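Single-structure report; data block below.
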Amino acid sequence: MNLEDALGSWPSSGGGGQPQWPGGQPGGQPGGQPQWPGGQPGGQPQWPGGQPGGQPQWPGGQPGGQPQWPGGQPGGQPGGQPQWPGGQPGGQPGGQPQWPGGPSQPSQPSQPSAPGWPSPGPGPAAPQNVSVPYRQSLPNGVFDKLLITINGTIKPNADRITLDLSAGPDLAFHFNPRFNEEGRKVIVRNSRIGKKWGNEERELSHFPFVQGQPFELKILCDNNGFRIAVNKSHLLEYKHRVRDLRSITRLDIYNDLTLSSVKVDRLP
């Protein structure tokens with residue numbers, strides 16, 4: 001309520017005694033003496049600090065108007081009171097609440113060192129393109145304790161999948177699981193050097209790949225050969241036929257599978 005509203009609620013014609021108006025102005029309103037800021041019984045609100053008019057300072061809760069937010073921040077936000085992190089009102093310079101992970105985004109994960117929106121930090125690299133056929137360069141070749149980890153899924157109607165480690169035009173290691181070779185499941189391993197294929201290796205105790213199912217294939221290089229594990233179980237070892245390991249600089253994966261990730265690591 002402002003001063004004009006208060007004055008407009010009283011009749012302008014005389015009757016009764018003379019009320020005492022703020023500033024000593026006589027009036028002609030009937031009835032008792034209204035008490036203005038500084039000591040009024042009943043009815044009229046207590047104005048903090050004794051200020052008539054303007055915007056009152058409501059202690060502890062503002063009905064309408066411009067609220068005075070804890071810490072001195074002006075309000076005006078629709079939808080009620082902002083939620084301060086940890087429940088502490090005020091204390092934030094500039095009127096901005098300090099949200100976990102940044103000054104204005106409550107949904108961001110906690111990044112206490114980030115001055116604004118969380119910045120990308122050390123962590124997983126951007127998703128790689130793992131479409132099939134897949135090719136990856138190995139600029140340092142292969143070497144002792146190099147580990148290649150391949151995750152993917154065999155297609156439901158797969159006939160074969162193929163992995164090649166190449167040294168220029170030569171295939172240092174050709175790994176070729178076949179799901180139906182004259183009714184048998186076999187994994188052919190071989191090398192092709194100077195355009196000539198070597199002797200195939202086929203013997204295995206079991207065939208670990210299943211059509212339509214995911215798999216994890218690990219290839220560990222050492223100074224003697226490649227050791228292969230599938231789904232965390234050792235499968236076979238293939239002796240090096242290309243002895244210059246640094247010349248083996250390309251990985252190719254193709255045929256009837258989809259890939260989710262390919263990682264190249266060096267073990268300690």
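Within region 144-155, does at least one residue satisfy the condition of being surrounded by 10 or more Cβ atoms within 10 Å (Cβ to Cβ), in contact with a Phe, Trp or Tyr (Cβ under 6 Å, 6 or more places away or on another chain), among the β-branched types (Val, Ile, Thr) and modelled with pLDDT of 95 or more?
Scanning region 144-155, I find at least one residue that is surrounded by 10 or more Cβ atoms within 10 Å (Cβ to Cβ), in contact with a Phe, Trp or Tyr (Cβ under 6 Å, 6 or more places away or on another chain), among the β-branched types (Val, Ile, Thr) and modelled with pLDDT of 95 or more, so the answer is yes.
Which pairs do you get when a residue that is at positive phi, found in region 246-264, comes within reach of a residue that is part of a strand (DSSP E or B) and aliphatic (A, V, I, L, M), reach meaning Cβ atoms under 8 angstrom, with the pair 6+ apart or on two chains?
Filtered contacts from region 246-264: ASN255/ILE161.
Taking only pairs six or more apart or across chains, which ones have beta-carbon atoms under 9 Å, a first residue in region 149-169 that is without any contact (Cβ under 8 Å) to a residue 40 or more places away in the chain, and a second residue that is among the small types (Gly, Ala, Ser)?
Going by the 9 Å Cβ cut-off, the qualifying pairs are PRO169/GLY194.
Criterion first (under 21 Å from TYR134 (Cβ atoms) and modelled with pLDDT of 95 or more) does ARG241 satisfy it?
No, not satisfied.
Which of the strands (runs of 3 or more DSSP E) contained wholly in region 212-268 include at least 1 residues that are over 30 Å from the mean Cα position of the chain (by Cα) and under 20 Å from SER137 (Cβ atoms)?
Correct list: 214-221, 225-230, 250-255.
Is at least one residue of region 198-207 under 21 Å from ASN224 (Cβ atoms), loosely packed, with under 12 Cβ neighbours inside 10 Å, out of contact with any Asp or Glu (no Cβ under 6 Å at 6 or more places or on another chain) and of a type in the set (Ser, Thr, Tyr)?
Yes, because at least one residue in region 198-207 is under 21 Å from ASN224 (Cβ atoms), loosely packed, with under 12 Cβ neighbours inside 10 Å, out of contact with any Asp or Glu (no Cβ under 6 Å at 6 or more places or on another chain) and of a type in the set (Ser, Thr, Tyr).
The values are calculated or read from the model by the stated rules, or taken from the named source; none is laboratory data. Note that the structure is predicted; figures quoted are calculated from it, not measured. Using ideal geometry, Cβ is built from the backbone for each residue, glycine included, and neighbour counts are taken over all protein chains shown.
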